[in-house]
Amino acid sequence: MVSCVSVSDPTFLENDFTIISLPDARPDRAFPLNEGTYIRFSTGAGISYTSPQFTIGLSVPQINQTKIYESAEADHAHFERHYLLFSSVNFRLNYKWKLIPTVLVRYTSGVPASFDITSRLVYRDIVQFGIFYRQHESFGGLLSFKVNKYLQLAYSYDYPTSSRSALTNGTHELTLFNNIKIYNKRIRSPRHF
């Protein structure tokens with residue numbers, strides 16, 4: 001199955017950089033002197049190939065590199081275009097268990113490429129246990145439970161290994177997935193990985 005997605009979504013931005021004070025009282029060129037609320041639109045696209053055993057895809061969010069702000073006092077800022085290449089393989093260990101390793105490679109102009117590696121152990125397509133590693137950033141674990149065919153609850157913990165580790169003890173994330181029933185039989189979600 002090949003799928004292609006194109007999205008245009010609004011991004012709401014609000015800033016008030018006047019609350020930042022520097023020791024020498026000079027304005028920092030990295031921040032605009034004006035404040036305000038902005039609505040910016042961005043477009044992204046992706047394509048993926050999915051089979052019962054394998055998925056590979058490429059996506060490019062922020063194709064149009066939306067400007068966040070632009071002023072005479074500061075350099076302009078914009079969302080940088082990212083290139084994301086991902087792949088996963090479904091290894092059936094027996095009739096109850098599957099192992100699903102996943103790789104995500106990220107590239108952004110001006111920044112070294114980075115990768116994420118995840119490995120999930122799935123029991124009867126109901127419970128998932130996993131570990132992950134984000135290059136030079138963090139590692140963690142995840143747990144997911146499928147309540148029914150439309151609802152899934154997931155928890156993950158992310159522990160930083162970069163210089164941020166001095167600032168935080170990690171992050172906890174709870175996610176609730178809700179698959180809405182689509183009556184068109186020809187549409188199938190490739191998220192079975």
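Structure above, values below:
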| item | result |
| --- | --- |
| Considering residues of region 110-156 that are of a type in the set (K, R) and surrounded by 13 or more Cβ atoms within 10 Å (Cβ to Cβ) only, the residue nearest to N94 (Cα to Cα) | R120 |
| Pair list, Cβ < 8 Å and 6+ apart or interchain, from region 133-146 residues that are of a type in the set (A, V, I, L, M, F, W, C) to residues that are assigned to a loop (DSSP other than H, G, I, E, B) | F139/T161; F145/I126 |
| Residues of region 141-164 satisfying the condition of being in contact with a Lys or Arg (Cβ under 8 Å, 6 or more places away or on another chain) and assigned to a loop (DSSP other than H, G, I, E, B) | Y150 |
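Taken together, the values in this text are just the output of simple stated rules run on the coordinates, not laboratory data. Nothing here was measured: the structure is a model prediction, and the numbers come from that model. Virtual Cβ from ideal backbone geometry, glycine too; neighbours counted across all protein chains shown.
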